[in-house]
Amino acid sequence: MNGEVQEKRKGFFVLMVNGMGYKIYTNSSTLGVVSGTTTVYTHAHVREDAFDIFGFLTEETLLLFEMLISVSGVGPKTALGILDLDNIPNLTAIILEKRVDILSHASGIGKKTAERIILELHAKMKEFGVVESMGNHDVRNEVEEVLVNLGYVRALARKTAQETQGDTVEERLRNALRSIGTNR
């Protein structure tokens, strides 16, 4: 779907296509960068009482979204929460490496649902593409948890942990705290 982004709100944006506005639900990383004239890969989710459109900037994100909602007990809103955990290569690695502990951080995902997602998608993920090393993800995840324990809001902690550089937890944490301190 190709059109002009008219407005953005929490959890969705409005895309004008040939004079018609479409409300497109999406994850926070897509919402943060979508603007102007853009192409969006969409999924129409039809229920008895609603017709919702979910859209993403890449085919890979759409594919992972559709794989997630194919799992019993995982709806579109829960899938968006999973997509907000990390980027696509890292989410793929999380599933391939059966990291229930990380997957269960998503809103609406408990241990049993995380285990079901991994069980059902593990084989499909092998065909999904290049897998990034989990080492870098573990460092970011640990820095995020330390920042949350220090009293920072999870969204800020996650963003800062992902954006700062460093190979070790200590190095990245030091840089994250500097970054937070200079942005206040």
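In table form, for the structure just shown:
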read-out: Per DSSP, loop GluC sites (Glu not before Pro) in region 1-105 with at most 12 further Cβ within 10 Å; value: GLU48
read-out: Mean separation of Cα contacts under 8 Å, 6 or more apart, over the residue count of region 134-182: relative contact order %; value: 35
read-out: Residue among GLY19, GLY108, GLY73 with the largest mean-square fluctuation in a Gaussian network model of the chain, springs linking Cα atoms under 10 Å; value: GLY19
read-out: Flagged links, alpha-carbon separation over 20 Å, of LYS112/LYS159; LYS10/LYS159; LYS23/LYS124; LYS10/LYS111; value: LYS112/LYS159; LYS23/LYS124; LYS10/LYS111
read-out: Helix-only [θ]222 nm of the chain, DSSP H runs n ≥ 4, -39500 (n - 2.57) each, per residue, nearest 500; value: -15000 deg cm²/dmol
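A short reminder: the numbers here are calculations on the coordinates, not readings from a lab. Remember, it's a predicted structure, so these values are computed and weren't measured experimentally. Cβ: placed from backbone, ideal geometry, glycine included. Neighbour counts: every protein chain shown.
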